[in-house]
Amino acid sequence: MQIEFARSARSTIGIEWEIAIVERESGQLASIGDRVLKELAGDDGSPHPTITHELLTNTVELVSGVHERVGDAVDDLAGQLAQVRAVIDRLGAYELICSGSHPYSQWYDQHLTDTPRYHKLIERTRWWGRNMMIWGIHVHVGIEDREKALPILDGMLAYVPHLQALSASSPYWAGVETGYASNRALMFQQLPTAGLPYPLADWAAYERYVDDLVRTGVIEDHTEVRWDIRPSPRWGTVEVRVCDGVSSGAEIGAIAALIQCLVDWMSGRLDDGETLPVLQPWYVRENKWRAARYGMDAEVITDVAGTERPVADDLRDLLTTLAPTADRLGCGPELQRVRDTIDHGASYQRQVRVATENGGNLTAVVAHLARELREGTTPPG
């Protein structure tokens, strides 16, 4: 099987942002996504070009265009969010949130978007699939040469825990405090083609992998390979999907800048003839679990020799390493915003703090998430 890899300008960026709809009073998820999308349709009934449905009708997805600068991609998303909010405010009684999971809504109360693709997914995955009440951000970075895609993907696996810890925002599941910073990370990997990618030597090996899955009926095409980081042949990108949903444009900008800089930095090293270091798969898997469990307090394995250090310390050093790349790409301020999360806490920490301050009342957590999405996140002064 041959899979064409689209031509894409190096290090261009696109971002997808999944947004949940909740009832303002109860904080429960609200299955009105179809109604919102109908309101956003064109005069001729055509669907909105960049605001789309997702697996569940409690969700809408915002999809940016292709941009050279992270700030422009975030502005694009902010404009789309404003369109959705205008509909929500007009309907009344609803709010918008974004986090990796909802603190207490139950899977059996949610409605599936009525498409053959989603029905097939749920028929195959059943209970695990119906439990996918999860939200994330996906960041695409352009790769100008197909032969770079898999080496960069392999190199990026060393930074899975950094990205997962920064974005971790799913400490609660169905009303229970899980003890995990990102319960979403472990939930999503239950799907048969999700989770960490397999080591593949080259593009031909990737094509054989996809062909194997298609021939055995596991998937219909490569878009159903739902790895945490994957090549996206249609767009000519590496797509990073490991992150939980976050509730402000500033946080999305920080995470997207880190991803864009990492990919561009690795691309330049390949141009210089370097072989990118690749962690052993068992270290990558352990790192993912540690970041899901401990978030910003995780100690991660940083090299093939098994060196360990706090993820926060490694992030600080990484920001220094990537600063010249960020300046060249025009995302220096966004990249430095990562320091706010290091210094003041990720979303999961803020959620737990709000719950504690309110005697364990998780409706206060939903109200907090709605307020952050509406007003932005501000580091404590």
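So how much slack lies between ALA205 and TYR118, counting 0.36 nm per residue of separation and subtracting their Cα-Cα distance, in nm? Working shown, then result.
On the way: separation 87, 0.36 × 87 = 31.32 nm, distance 2.80 nm.
Full-extension gain reported as 28.5 nm.
Taking R0 as 30 Å, what FRET efficiency do you get between ARG226 and ASP343 from their Cβ-Cβ distance, rounded to the nearest 0.05?
0.35
Please report the net charge: other residues with Cβ closer than 12 Å to the Cβ of PRO161, K and R +1, D and E -1.
Counting the neighbours of PRO161, the net charge comes to -1.
For the chain, with a Gaussian network of springs between Cα atoms less than 10 Å apart, report the residue from TRP107, TRP17, TRP289 with the top mean-square fluctuation.
Largest GNM mean-square fluctuation: TRP107.
Please report, ordered by residue number, every helix of the chain (full DSSP H runs) that is 27 Å or longer along its axis going by C-alpha atoms and whose mean Kyte-Doolittle hydropathy reaches 0.5.
Membrane-span-like by this criterion, though nothing is claimed about a membrane: 249-271.
Provide the packing ranking of 319-330, 164-175, 111-122, i.e. peptides ordered by the mean count of other C-beta atoms within 10 Å per residue, highest first.
164-175, 319-330, 111-122
Taking the chain as a Gaussian network, where each spring joins two C-alpha atoms under 10 Å apart, which residue of TYR180, TYR348, TYR206 fluctuates the most?
TYR206
Hey, quick one: spin label on ARG316, modelled 7 Å out along Cα-Cβ, who in region 127-169 has an amide N within reach, i.e. under 18 Å?
Only 162-163, 165-166 fall inside the zone, counting backbone N under 18 Å.
In deg cm²/dmol, rounded to 500, what helix-only [θ] at 222 nm does the chain give when every DSSP H run of at least 4 residues adds -39500 (n - 2.57) and the total is split over its residues? Before the final figure, lay out the partial values.
Numbers: 14 runs with 176 residues, N = 381.
It comes out at -14500 deg cm²/dmol, rounded to the nearest 500.
Give the percent of DSSP beta bridges with both residues in region 13-374 that are antiparallel, rounded to the nearest 5.
Details: 35 of 38 bridges.
Close to 90 percent.
Given all pairs of different Cα atoms, what value in angstroms does the Kirkwood hydrodynamic radius of region 12-138 take?
15.3
Can you tell me the FRET efficiency between ARG7 and GLN28 if r is taken as the Cβ-Cβ distance and R0 is 35 Å, rounded to the nearest 0.05?
After rounding, the FRET efficiency stands at 0.20.
How large is the convex hull of the C-alpha atoms of region 13-374 per residue, in Å³?
So the per-residue Cα hull volume is 133 Å³.
Readers should treat all values here as calculations from the given coordinates under stated rules, not as data from a laboratory. Note that the coordinates shown come from a computational prediction; the quantities given were computed from them, not determined experimentally. Don't worry about glycine lacking a Cβ; one is built from the backbone with ideal geometry, like all the others, and counts go over all protein chains shown.
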